[in-house]
1. Quickly run through region 179-199 and pick out the residues that are under 27 Å from Val263 (Cβ atoms) and surrounded by fewer than 24 Cβ atoms within 10 Å (Cβ to Cβ).
2. Scan (1) buried (at least 23 other Cβ atoms within 10 Å of the Cβ); (2) not in a helix (DSSP H, G or I) for the single condition Leu64 breaks and write down its number.
3. May I ask you to verify whether Leu327 is under 22 Å from Gly154 (Cβ atoms), among the hydrophobic types (A, V, I, L, M, F, W, C) and modelled with pLDDT under 95?
4. Being under 24 Å from Gly44 (Cα atoms), part of a loop (DSSP other than H, G, I, E, B) and among the hydroxyl-bearing types (Ser, Thr, Tyr) is the filter here; which residues of region 199-250 pass it?
5. Looking at the structure I just gave you, is Asp17 surrounded by fewer than 15 Cβ atoms within 10 Å (Cβ to Cβ) and either closer than 20 Å to Val195 by Cα or at pLDDT 90 or above (or both)?
6. Let me confirm something: among Ile58, Ile15, Ile104, which residue is within 17 Å of Glu155 (Cβ to Cβ) and either more than 20 Å from the chain's Cα centre (by Cα) or without any contact (Cβ under 8 Å) to a residue 60 or more places away in the chain (or both)?
7. Under 8 Å between Cβ atoms, which residue pairs at least 6 apart in sequence (or on different chains) link something in region 305-317 that is within 13 Å of Thr72 (Cα to Cα) with a partner that is polar (S, T, N, Q) and in a helix (DSSP H, G or I)?
8. Restricting attention to region 263-294, which residues are more than 19 Å from Gly240 (Cα to Cα) and of a type in the set (D, E, K, R)?
Amino acid sequence: MMPASEPRPNIVLIITDQMRGDCLSVSGHPVVETPNLDMLAARGVNFTSAYSSCPSCIAARASLFTGQRPSTTGRLGYRDGVPWRYTNTLAEVMQRNGYQTHCIGKRHFYPQMLHLGFEAIETYEADQFLQVGRLLTYLRGHGPTWVIFTSDHGEMLGDHHLFRKTYAYEGSARIPLIVCPPPQSAKVHACEAPVVLEDILPTVLDAAGVACPDGVEGRSMVPLLDATPSEAGWRSYVHGEHAACYAADSGMQYLTDGKRKYVWYTQTGREEFFDLEEDRQERHECSGDPARQTELAEWRGRMIRELAARPRDGMSNGEKLIAGVNLPAV
């Protein structure tokens, strides 16, 4: 947390809807050009192993705004019309600590409290909310400002012959995440530490000098701005999940450290294993490779331990994974 003598910074959180983690030119995309986001990454830190803990709209945003895992928020998938009732959300905690907060753009919260409306006249100029560069230019004269850019989940664009979201595959689960502190603050500009959406709330609170409320399960990424993951005592992998959605047997649990990925399908017990260092597009599924069995068993063991902490869900008894479970979306 910051010293009490320092001025409290502004904090701007930019969230795009359904943007893949590879759709940044700073991350090497061969077609997409994102010059202002690249500039943001050059000033801050580009987290290259950032994942959505539940890759569909409201479920992902619930984790982002509460700092809690999907199993805690109770949202393991998509469902309309569910009241937004949480004890501590990012905006509420910031308000209680003296910040003015506002949400601009589409919200999809229920019930709707504020409508943005629409522009009846089309102009030659692109919509202002898309122009990150203009926003950054404006902020320069308004005191120290943190800018965080991310998305709720990705988008399958034909990968694995699929579209939309809810999957553990990189196109769906990996997201862009750039954390840019005030000038001259970051010493690291690319970080491979595995991070998830619930890390954003504690990061914002840390940047603002506000203590995290009880129940927050994410971790502040601020230590990663000037230290290696091992120096920061960071986690070695992240966990994500989604209830069955587009297919009756598509409910899944996944673990990844950004280099390997283990996926377990809760209804069928089917496993998938990917080497993301050699195969970022996940074209070669390795669970049947004899040379990978020791490594596969290690990741399976991690999933067994991960789910054993949730005994009422019945997916693990601490010794093995138990298939046949169909978790509800809410």
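1. Taking region 179-199 first, the residues under 27 Å from Val263 (Cβ atoms) are 190-199.
Passing the criteria: Ala190, Glu192, Pro194.
2. Among (1) buried (at least 23 other Cβ atoms within 10 Å of the Cβ); (2) not in a helix (DSSP H, G or I), the lone unmet condition for Leu64 is (2).
3. Values: under 22 Å from Gly154 (Cβ atoms): yes; among the hydrophobic types (A, V, I, L, M, F, W, C): yes; modelled with pLDDT under 95: yes.
Judged against the criteria, Leu327 is a match.
4. Listed by number, the residues that qualify are Ser220, Thr228, Ser230, Ser236, Tyr237.
5. yes
6. Values: Ile15 fails: either more than 20 Å from the chain's Cα centre (by Cα) or without any contact (Cβ under 8 Å) to a residue 60 or more places away in the chain (or both); Ile104 fails: within 17 Å of Glu155 (Cβ to Cβ).
Exactly one residue qualifies, and that residue is Ile58.
7. Arg310/Ser71; Asp313/Ser71
8. If the condition is that a residue be more than 19 Å from Gly240 (Cα to Cα) and of a type in the set (D, E, K, R), then Glu277, Glu278, Asp279, Arg283, Asp289, Arg292 are the ones that fit.
The values are calculated or read from the model by the stated rules, or taken from the named source; none is laboratory data. These numbers come from a predicted model, not from an experiment. A quick note on method: Cβ atoms are made from the backbone with ideal geometry, for glycine too, and the neighbour counts reach across all protein chains shown.
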